[in-house]
Each structure stands twice: as structure tokens, then as C-alpha cells.
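See below for the structure under consideration.
Bear in mind these aren't lab numbers, they're just calculated from the coordinates by the rules spelled out. Computed from a predicted model, the values in this text were never measured in an experiment. Methodologically, a virtual Cβ is constructed for each residue, glycine included, from the backbone with ideal geometry; neighbour enumeration extends over all protein chains shown.
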């Protein structure tokens, strides 16, 4: 039986300018919020995150604000 593994997500913060955003389709919003927060803090960037549905997929949109 195949083992299901969590996909690796690469966040493009280092290549983003203030105001840029990206969407991540997710099932577990709490888990992704913690992960994005940790990555942003490590890179010393500030982000705004909003959950919602885009193109029929539930997930989070992340904006770089600083």
C-alpha cells in the first residue's frame, strides 16, 4: 500500500516585492498558517494571510507587506 506523504511547498518570499501575493490550496489552514509564519519570520518578512476559495479550491492567499 502506498504511503501518503505531505507535499513540500516552496514559498517565494525572497523573490517577492511588497504587494506581491500567491495562493496555496490547502485542507488544513491552521497547519499552513503556522508553517508560513515560521518561514516568513526566518526570512524577516511580514505577510498578510487570508483564507478563502479561488478557482473552486479552498486555501490561503499570502501577501508580502514588508
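Which of the residues belonging to segment 39-66 are assigned to a loop (DSSP other than H, G, I, E, B) and free of Cβ contacts under 8 Å to residues at least 24 places away in the same chain? Write out each step before concluding.
Taking segment 39-66 as the starting set, the residues that turn out to be assigned to a loop (DSSP other than H, G, I, E, B) are 44-46, 55-56, 65-66.
If the condition is that a residue be assigned to a loop (DSSP other than H, G, I, E, B) and free of Cβ contacts under 8 Å to residues at least 24 places away in the same chain, then 44, 46, 55, 56 are the ones that fit.
As a summary of the residue check, residue 23 satisfies the conditions (1) under 17 Å from residue 66 (Cβ atoms); (2) not in a helix (DSSP H, G or I) except for the one numbered (1). Out of everything in segment 26-36 that is without any contact (Cβ under 8 Å) to a residue 12 or more places away in the chain and in a helix (DSSP H, G or I), what residue ends up being farthest from residue 55 (Cα to Cα)? Only one residue tops the list, namely 34. Would you pick out the residues in segment 10-19 that are assigned to a loop (DSSP other than H, G, I, E, B) and surrounded by 13 or more Cβ atoms within 10 Å (Cβ to Cβ)? Answer for segment 10-19, where residues must be assigned to a loop (DSSP other than H, G, I, E, B) and surrounded by 13 or more Cβ atoms within 10 Å (Cβ to Cβ): 11, 16.
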